[in-house]
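Comments concern the structure below.
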Amino acid sequence: MQFLMDCQWYWVPLCLLAGAAYGAALYGWNARRGTKGGARRGKALVLLTAARVLTVTLLALLLTGPVMKRKVTGHERPLVVVCQDVSASITESERTLPRSIEELEGRWEVVYDTFGGNSTNIAAALTKAADRYAGRNIGAVVLLSDGIHNQGPQPEAAARAAGVPVYTIALGDTTRRRDAWIGTVRCNRTAYAGSELPVEVTVRATGLIGGAATLAVSTGGRTMATQRVSYEEDDFAQTVTLPIKVEQPGLQTVTLTLTPIATELTTANNSRTVAVEVLEGRRRVAIVAPAAHPDLGALKRSIEANPNYEVQMAVGQQCAAALKGEGLQGFDMAILHNLPSDAEWQRWVSALPRELPRIYIVGERTDLARFNALHCGLEITAGRHLMEQVGAAANGGFTLFALPAGMGARIAALPPLTAPFGTYRMAADAQSLFYATVGGQATERPLMAFGSMEGVRYAYVVGEGLWRWRLHSYLMNGSHDDFDQLIEKMVVYTATSSRRDRLHVTAERIYREDEPITLNAEFYDDNWQPTNSPALSCTLTATDSGSTLSYDFHPSGTGYSLGLGTLSPGRYHLQARTSFGGKDYNWSGAFVVEAYNLEQLNLVADHTLLNTLSQTTGGTMLPLDSADLLPQLLADRDDMKDVLYTHTRYTPLVSLPWLLVLIILLLAIEWAGRKYFADNLGNQ
């Protein structure tokens, strides 16, 4: 054990000297007075002086901030993580933990977690357990489940990556039942009025060989197509494609129905409903750049992944000349990559229609002085034209639209972009979706931001190299979904500008029933500046039932937000309203909440999967009626032992309670002494 101080050593005698001086000043003059009390008086003075000197010395030493350094040895018991499946396929009786699980708590540290609902993601449950308790002495994971896995990646890889033995307790019934159901449904979620929409449906059945049913697809209460399906095998699966024609623009619900057979276990899985947005026509996006760049192809592919948009490229002077004559008339948005790069491009960009939404991508070829002259909401001041590598850090306070859960962290893990080095100044009403990080340190510089000017939205990405994001996203996730969704949200938000709509509510067109719904809104004052000073309310009407609920939006940033939580499946109509300057403003829209109960599609337990998880990780699968063997199986493991650890602990002396007690005791001794020897000391 050592005592450390933040000051020089000579402060110790100085503190002692201060205590002695204080004691001498308080009691020293008493020693020169008459000797009333004799030796008794002398002993009293020594006692009181010593108490005061020690008290003042201790207080002075504590003011120097002394710290006690010592080695601490401890132990950590093995941790058992119990993951319990509470999905819809688990019966109420199986949701009660076996007594053997409670017995684990007496021998090891046990923590509990649940997973599942209308769908089951066993891989996510195992990954969550490993990540949450990383660095702890995890002895084992106990998984109570029926093995029905219908969402997310295969759990075997997640179990191996966790690096701990997984003991599974098998729930559910593996008996194949007589049932038919509608499995996977595939169709485009957007279509154009008057077009034909193919709907691909997988029909499955077990134990119904020789039976038959009719598959019907309907929309707007009208049957559009039917097909006869014969169950030719005991374990039957067939994919059927039914084309339907969509006529009216707007949100449409497509219902698929499979006629039931009397001997089926349940008919709840014989119908599915999906939502389709029918559009009048595509939106046109122009991507303009002074030279070819890999970013352009990445942007084009991501934007065209949404069938609502078509992209026209304009690269170099020849293509730009064609667009100059057209002036981008007929386009809904422009993406300007590395522009302006010279005086000619600056004149062209300045001549774009003011009501045209645009996205600026600032890169190495961007002339920063000419870019600043556009007054687009961002100014970059740089002494020399230098570039640097910058990463992304998600802004948790961004309110204009919502990213899917976890996307912000995944984008932050992508390779850096190449951005200009300089001083950045952003318009007050703009919001950054991502900040730039330099050398791994977050800054307040915008990397991807959004704003508006006179009711027209704009966005900018300060950095080139987006093509690396798209490739790396595929390497991380096995698909381009993260990058495509990010670009889609950026384009959709920016392209929906309208100078005529001073009130606008941003909402997805389709939600799942297990997905929390958050609405964002904007209102512009007479100067087309965003404001949230007027109260904004809305009415939400369930079209199917006719029930109506009223809500109030809450100010958030320069706009509004409203959390609706999760809603029941169905179609909803939203009417928002506010008053400003003696005028009323309204906005109306609709969205659909889809049923999402994957548990109804398959009720047969998969104990083979559970056994595989256990075997590949060194654990054991136990039937529910043999769960009492679990404590002994864990006790027999050689690695279920306490972990000893030693670390250095620094404790400020001022936080030690016994020092406070000592100081109070010294003051109490002095006070009692003064009272007891009052006659010998005189008036103090």
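The values are calculated or read from the model by the stated rules, or taken from the named source; none is laboratory data. Fair warning: this is a prediction, and the values are worked out from it, not measured in the lab. For neighbour counting, all protein chains shown are included, and Cβ atoms are generated from backbone atoms with ideal geometry for every residue, glycine included. Remember, those area values only see protein heavy atoms, side chains included, never the ligands or the DNA or RNA. Shrake-Rupley method; radii C 1.70, N 1.55, O 1.52, S 1.80 Å.
Anything in segment 407-433 that is open to solvent by 20 Å² or more (accessible area, probe 1.4 Å) and aliphatic (A, V, I, L, M)? List them, or say none.
Ala409, Ala412, Ala413, Met426, Ala427, Ala428
Out of (1) within 26 Å of Pro555 (Cα to Cα); (2) modelled with pLDDT under 90; (3) surrounded by fewer than 17 Cβ atoms within 10 Å (Cβ to Cβ), the odd one out for Gly439 is which?
(1)
Can you tell me which residues in segment 630-664 are modelled with pLDDT under 90, surrounded by 10 or more Cβ atoms within 10 Å (Cβ to Cβ), under 38 Å from the mean Cα position of the chain (by Cα) and of a type in the set (A, V, I, L, M, F, W, C)?
Passing the criteria: Met640, Val643.
Residue-by-condition table, conditions (1) crowded, with 18+ Cβ neighbours inside 10 Å; (2) assigned to a loop (DSSP other than H, G, I, E, B); (3) free of Cβ contacts under 8 Å to residues at least 40 places away in the same chain:
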{"residue": "Tyr435", "(1), (2), (3)": "yes, no, no"}
{"residue": "Ser452", "(1), (2), (3)": "yes, no, no"}
{"residue": "Ser479", "(1), (2), (3)": "no, yes, yes"}
{"residue": "Phe483", "(1), (2), (3)": "yes, no, no"}
{"residue": "Ile487", "(1), (2), (3)": "yes, no, no"}
{"residue": "Thr494", "(1), (2), (3)": "yes, no, no"}
{"residue": "Asn520", "(1), (2), (3)": "yes, no, no"}
{"residue": "Cys538", "(1), (2), (3)": "yes, no, yes"}
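Looking only at segment 240-260, decide whether some residue is open to solvent by less than 50 Å² (accessible area, probe 1.4 Å), touching a Ser or Thr at 6+ places or on another chain (Cβ under 8 Å) and more than 24 Å from Leu598 (Cα to Cα).
Yes; the residues of segment 240-260 include at least one that is open to solvent by less than 50 Å² (accessible area, probe 1.4 Å), touching a Ser or Thr at 6+ places or on another chain (Cβ under 8 Å) and more than 24 Å from Leu598 (Cα to Cα).
Looking only at residues that are under 11 Å from Gly172 (Cα atoms) and polar (S, T, N, Q) in segment 86-116, which one is most open to solvent (accessible area, probe 1.4 Å)?
Result: Ser93.
Of all residues in segment 540-565 being in a loop (DSSP other than H, G, I, E, B) and open to solvent by 80 Å² or more (accessible area, probe 1.4 Å), which is farthest from Arg457 (Cα to Cα)?
Step one: list which residues in segment 540-565 are in a loop (DSSP other than H, G, I, E, B), which gives 543-547, 553, 557-558.
Next cut, open to solvent by 80 Å² or more (accessible area, probe 1.4 Å) only: 544-545.
Details: Asp544: 35, Ser545: 37 Å.
Checking each candidate, the answer is Ser545.
So how many residues does segment 569-595 have that are surrounded by 12 or more Cβ atoms within 10 Å (Cβ to Cβ) and under 29 Å from Gly220 (Cβ atoms)?
18
Out of the residues in segment 284-321 that are assigned to a loop (DSSP other than H, G, I, E, B) and either modelled with pLDDT of 85 or more or out of contact with any helix residue (DSSP H, G or I) (no Cβ under 7 Å at 6 or more places or on another chain) (or both), which is most open to solvent (accessible area, probe 1.4 Å)?
Let us first name the residues in segment 284-321 that are assigned to a loop (DSSP other than H, G, I, E, B), namely 290-293, 305-308.
Imposing the further condition that a residue be either modelled with pLDDT of 85 or more or out of contact with any helix residue (DSSP H, G or I) (no Cβ under 7 Å at 6 or more places or on another chain) (or both) reduces the set to 290-293, 305, 307-308.
Numbers: Pro290: 21, Ala291: 29, Ala292: 89, His293: 46, Ala305: 65, Pro307: 45, Asn308: 23 Å².
Ranking the candidates gives Ala292 first.
Specify the residue that is surrounded by the fewest Cβ atoms within 10 Å (Cβ to Cβ); the eligible residues are those in segment 163-198 that are closer than 17 Å to Asn611 by Cβ and in contact with a Pro (Cβ under 8 Å, 6 or more places away or on another chain).
Looking at the filtered set, the residue picked out is Ala170.
How do the strands (runs of 3 or more DSSP E) wholly within segment 582-684 filter down when requiring 2 or more residues that are touching a His at 6+ places or on another chain (Cβ under 7 Å) and more than 30 Å from Ala180 (Cβ to Cβ): which remain? Step through it out loud before you land on a result.
Working: elements: 583-594, 621-623, 643-652.
Once the strands (runs of 3 or more DSSP E) in segment 582-684 are filtered for at least 2 residues that are touching a His at 6+ places or on another chain (Cβ under 7 Å) and more than 30 Å from Ala180 (Cβ to Cβ), what remains is 583-594, 643-652.
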